[in-house]
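Beneath this line is the structure, given in structure tokens, with notes to follow.
The values are calculated or read from the model by the stated rules, or taken from the named source; none is laboratory data. Keep in mind it's a predicted model, so treat the numbers as computed, not measured. Glycine also receives a Cβ, built like all others from the backbone with ideal geometry; neighbour counts cover every protein chain displayed.
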Amino acid sequence: MTGSESEEPLLRRAVCPGSFDPVTNGHLDIIARASRLYDVVHVAVMINQSKKGLFTVDERIDLLRQVTAEYGNVKVESFHGLLVDFCKERDIPAIVKGLRAVSDFDYELQMAQMNNGLSGVETLFVPTNPTYSFLSSSLVKEVAAWGGDVAHLVPPLVLRALTERLAKR
């Protein structure tokens, strides 16, 4: 095929990785911003066999697919192993990570340098919206487990799932 024939345009691709247990408004802020910068954003839900999550990987994927449905360029998938292998398999040259605080930067910079050294994948750091600078899935679960109001921290769909799951415990 020559350059003048119809070829599929080169798509700018990135991945937003995480455990998303559960997905928070902070996660969604980063995913939404990445979706405006890239043609395709893969949301990669990490499978960690040694860690018991509140939600199964399939439940997290389902919740993420529902709350990101408005973005037509977001694909939600699971992965285990090295993130750079996930990127290689899908021809993804960039990882997008949200940074909440300087303390996040130390760890994330080391990961970014390791990932780049292993595969050439670049990491883009996006400063978290100040509204969510304190927010983590762990904190949401802890506050919700003690009966605190987390309605302003997670999407309504996630709040319902979280409330139902914690009521069963």
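Side notes on the structure shown:
- Residue count, the range 95-146 (criterion: in a helix (DSSP H, G or I) and modelled with pLDDT of 90 or more): 27
Here is a yes/no grid of residues against (1) in a helix (DSSP H, G or I); (2) surrounded by fewer than 22 Cβ atoms within 10 Å (Cβ to Cβ); (3) out of contact with any Cys (no Cβ under 9 Å at 6 or more places or on another chain); (4) at pLDDT below 95:
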residue	(1), (2), (3), (4)
His27	yes, no, no, no
Ala32	yes, yes, yes, no
Ser50	no, yes, yes, yes
Gly53	no, yes, yes, yes
Glu70	no, yes, yes, no
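- The C-beta contact set for the range 91-113 (first residue touching a residue at least 12 places away in the same chain (Cβ under 8 Å), second residue among the small types (Gly, Ala, Ser) and assigned to a strand (DSSP E or B), distance under 6 angstrom, 6+ apart or interchain) comprises Ala94/Ala14; Val96/Ala14.
- Count of the range 38-65 residues, restricted to those that are closer than 27 Å to Leu162 by Cα and under 14 Å from the mean Cα position of the chain (by Cα), is 14.
- Scope the range 147-164; condition more than 18 Å from Ala101 (Cβ to Cβ) and part of a loop (DSSP other than H, G, I, E, B); matching residues: Gly147, Gly148, Asp149, Val150, Ala151, His152, Val154, Pro155
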